[in-house]
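Colleague: Can you keep this structure in mind? I'll have questions shortly.
The values are calculated or read from the model by the stated rules, or taken from the named source; none is laboratory data. Bear in mind the structure is a predicted one, so any value in this text is a computation, not a measurement. Because the Cβ atoms are built from the backbone with ideal geometry, glycine has one as well, and the counts that use them run over all protein chains shown.
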Amino acid sequence: MKKTKIMLILLTLFIALILLFLRYGGEWLVAEDNLEEMDHAVIVLLMGSVADRGLGAAELYEQGKGDSILMVRSHMPGAEALEERGISISGDADNSQRILSELGVPEADITILPGDAQSTKDEALAVAEYLEGRPNIDRIVLVTSKYHSQRSKLIFNKALKQLDIEIYSAPTPYDTFHAREWYWDREDIQRVATEYLKLAHFLLLEQFQMR
């Protein structure tokens, strides 16, 4: 009888945790800071989803939240092999630069850092190295997808911990991720599952590989 009671309690707790995760699991992935009084920041546009993130960064620039936009060139598997065959393709940074330029951001205010970045960690470390020699920059605004924003902020906080720089998160409003009812959409389910795996990887391993 006692064993049955314990099993019922554990089952009830398990169901409660599942329901709690379904309700808040998507929202826990989103970090969005108040930028109402923000100005004179550097907007860091993270690579990945080009169109919606580019739109979000351009709008922040237009609103005066940032004076410039910074990106890190990302790794493109197979690109070198294509170039050897005379085929040139545009990467995320080049496509993002085109979007920003056509939306009115002056090319002089767009910086693309070399880096061959394969992850958000690589982007964060490249940005940290760039900012080390620029003490006049004291705040950055991260622009990425909603579901990627919490982990991105954690990674950048780790990478920039030795620098006196405030980090704000401003996920693009053009991202279609449904933070509250993510479990109704197949793509959102995949995003949530993948993002929690990456978050676990960062917390358990990746953060200790960063300086």
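Colleague: Has region 132-154 got any residue that is of a type in the set (Gly, Ala, Ser), at pLDDT 95 or above, under 16 Å from Val72 (Cβ atoms) and not in a loop (DSSP other than H, G, I, E, B)?
Modeller: Within region 132-154, one or more residues are of a type in the set (Gly, Ala, Ser), at pLDDT 95 or above, under 16 Å from Val72 (Cβ atoms) and not in a loop (DSSP other than H, G, I, E, B).
Colleague: Can I ask one more? Hey, any hits in region 1-19 for a residue that's farther than 15 Å from Pro173 by Cβ, touching a residue at least 12 places away in the same chain (Cβ under 8 Å) and part of a helix (DSSP H, G or I)?
Modeller: So far as region 1-19 goes, no, none of its residues is farther than 15 Å from Pro173 by Cβ, touching a residue at least 12 places away in the same chain (Cβ under 8 Å) and part of a helix (DSSP H, G or I).
Colleague: With Val50, Val30 as the choices, which residue is touching a strand residue (DSSP E or B) at 6+ places or on another chain (Cβ under 9 Å) and either in contact (Cβ under 8 Å) with a residue 24 or more places away in the chain or more than 30 Å from Val105 (Cβ to Cβ) (or both)?
Modeller: That would be Val30, the only listed residue that is touching a strand residue (DSSP E or B) at 6+ places or on another chain (Cβ under 9 Å) and either in contact (Cβ under 8 Å) with a residue 24 or more places away in the chain or more than 30 Å from Val105 (Cβ to Cβ) (or both).
Colleague: Just one of the numbered conditions (1) surrounded by 15 or more Cβ atoms within 10 Å (Cβ to Cβ); (2) in contact (Cβ under 8 Å) with a residue 40 or more places away in the chain is not true of Gln118; which one?
Modeller: Unmet for Gln118, out of (1) surrounded by 15 or more Cβ atoms within 10 Å (Cβ to Cβ); (2) in contact (Cβ under 8 Å) with a residue 40 or more places away in the chain: (1).
Residue-wise test of (1) buried (at least 20 other Cβ atoms within 10 Å of the Cβ); (2) within 17 Å of the chain's Cα centre (by Cα).
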| position | (1), (2) |
| --- | --- |
| Thr144 | yes, yes |
| Arg151 | yes, yes |
| Lys158 | no, yes |
| Ile165 | yes, no |
| Phe177 | yes, yes |
| Arg180 | no, no |
| Asp185 | no, no |
| Asp188 | no, yes |
| Leu205 | no, no |
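Colleague: Here is a further query. Is there a residue in region 92-106 that is touching a strand residue (DSSP E or B) at 6+ places or on another chain (Cβ under 8 Å) and more than 22 Å from Arg73 (Cβ to Cβ)?
Modeller: no
Colleague: Can you report the number of residues in region 9-42 which are touching a Lys or Arg at 6+ places or on another chain (Cβ under 7 Å) and crowded, with 16+ Cβ neighbours inside 10 Å?
Modeller: Counting residues in region 9-42 that are touching a Lys or Arg at 6+ places or on another chain (Cβ under 7 Å) and crowded, with 16+ Cβ neighbours inside 10 Å gives 6.
Colleague: Which residues, taken from region 20-44, are outside any loop (DSSP other than H, G, I, E, B) and closer than 30 Å to Glu132 by Cβ?
Modeller: Once the filter is applied, which keeps residues that are outside any loop (DSSP other than H, G, I, E, B) and closer than 30 Å to Glu132 by Cβ, region 20-44 yields Leu29, Ala41, Val42, Ile43, Val44.
Colleague: I would also like to ask the following. Looking only at region 155-179, count how many residues are more than 21 Å from Thr111 (Cβ to Cβ), part of a helix (DSSP H, G or I) and in contact (Cβ under 8 Å) with a residue 24 or more places away in the chain.
Modeller: Final tally of qualifying residues: 1.
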